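Colleague: Got a structure here, written out as structure tokens. Questions coming.
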Amino acid sequence: MHPAARSSILRPFRFLMLMWLFFSVSFFFNIDFGFLGILPRSYFGIIGIFTSPLVHGNLNHISSNSVPILFLGTILYFFYPNIANRIFLQCYFFTNILVWFFGRNFLHIGASGLIYALAFFLISIGFFEGKFRTLIISITVLAVYGSLVYTVFDFNQAVSWESHLFGALVGVTSAYSIKKYGHLA
């Protein structure tokens, strides 16, 4: 494997292993980490800004978040190495902060907000930049995860649609700010 590819997959893989560590401890020791989710507008729920993407309700939940985290994270770190840490952290924290301020009074858990933010960043940056390379990356991500565009407005009360919506907004806003201020690598 090329050193750049190996390096690019390492950070998303570490994050993925942290998610699975949380899930494994929860599963094997029968501990409900739901209390580490975001509980909007509560002091207790502030911890979720830091921990909610690490907490998943069941095997299906974490499995459905694992491949996109690894795929989108690797693309981010491979093609945009100079800004990848900043974008990942913006997507992680700003999405969760918006959910804390504006979400339903409901424990929000899972990494889907981060996934939406990364996907919408990678899709948007190519269209904002308009360069061949970034457009190809955007079109590839759109082809693989284009269904996310339609599910942003899926207001299913059983899922944190707020994380999806705010993640998408954070992703697009992050891409726009990168384009506007010229910090794309």
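Colleague: Suppose we filter Val159, Val141 for residues that are free of Cβ contacts under 8 Å to residues at least 60 places away in the same chain and open to solvent by less than 60 Å² (accessible area, probe 1.4 Å); which single one remains? Step through it out loud before you land on a result.
Modeller: Numbers: Val141 fails: free of Cβ contacts under 8 Å to residues at least 60 places away in the same chain.
Exactly one residue qualifies, and that residue is Val159.
Colleague: Quick one: in the stretch 1-20, of everything that is of a type in the set (A, V, I, L, M) and part of a helix (DSSP H, G or I), which residue is farthest from Ser63 (Cα to Cα)? Outline the logic, then answer.
Modeller: Residues of the stretch 1-20 that are of a type in the set (A, V, I, L, M), as a first pass: 1, 4-5, 9-10, 16-19.
Narrowing the set further to residues that are part of a helix (DSSP H, G or I) leaves 4-5, 9-10, 16-19.
On the way: Ala4: 26, Ala5: 23, Ile9: 18, Leu10: 19, Leu16: 10, Met17: 12, Leu18: 13, Met19: 10 Å.
Per the criteria, the residue is Ala4.
Colleague: Ile47 fails exactly one of the following numbered conditions: (1) more than 11 Å from the chain's Cα centre (by Cα); (2) in contact (Cβ under 8 Å) with a residue 24 or more places away in the chain. What is the number of that condition?
Modeller: (2)
Colleague: Continuing with the same structure: Regarding the stretch 125-146, can at least one residue be identified that is outside any loop (DSSP other than H, G, I, E, B), of a type outside the set (Ser, Thr, Tyr), touching a strand residue (DSSP E or B) at 6+ places or on another chain (Cβ under 9 Å) and at negative phi? Lay out the reasoning, then the answer.
Modeller: Taking the stretch 125-146 as the starting set, the residues that turn out to be outside any loop (DSSP other than H, G, I, E, B) are 125-129, 132-145.
Next, only the ones that are of a type outside the set (Ser, Thr, Tyr) stay: 125-129, 132-133, 135-137, 139, 141-144.
Among the residues that remain, those that are also touching a strand residue (DSSP E or B) at 6+ places or on another chain (Cβ under 9 Å) are: none.
No: zero hits.
Colleague: Of the residues in the stretch 162-171, how many are of a type outside the set (Gly, Ala, Ser), closer than 17 Å to Ile87 by Cβ and open to solvent by less than 50 Å² (accessible area, probe 1.4 Å)?
Modeller: Within the stretch 162-171, residues that are of a type outside the set (Gly, Ala, Ser), closer than 17 Å to Ile87 by Cβ and open to solvent by less than 50 Å² (accessible area, probe 1.4 Å) number 2.
Yes/no matrix, rows are residues, columns are (1) open to solvent by 50 Å² or more (accessible area, probe 1.4 Å); (2) among the β-branched types (Val, Ile, Thr); (3) on the phi < 0 side of the Ramachandran plot:
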| position | (1), (2), (3) |
| --- | --- |
| Tyr80 | no, no, yes |
| Ile83 | no, yes, yes |
| Gly110 | no, no, no |
| Gly113 | no, no, yes |
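Colleague: Looking at (1) outside any helix (DSSP H, G or I); (2) open to solvent by 30 Å² or more (accessible area, probe 1.4 Å); (3) not hydrophobic (A, V, I, L, M, F, W, C), can you tell me which one Ser42 breaks?
Modeller: (2)
The values are calculated or read from the model by the stated rules, or taken from the named source; none is laboratory data. What you see is a predicted model; the values in this text were computed from it and never measured. Cβ atoms come from the backbone with ideal geometry, glycine included; neighbour counts cover every protein chain shown. When the accessible area is computed, the model is the full protein with side chains, heavy atoms only, and any ligands, DNA or RNA have been set aside. Shrake-Rupley method; radii C 1.70, N 1.55, O 1.52, S 1.80 Å.
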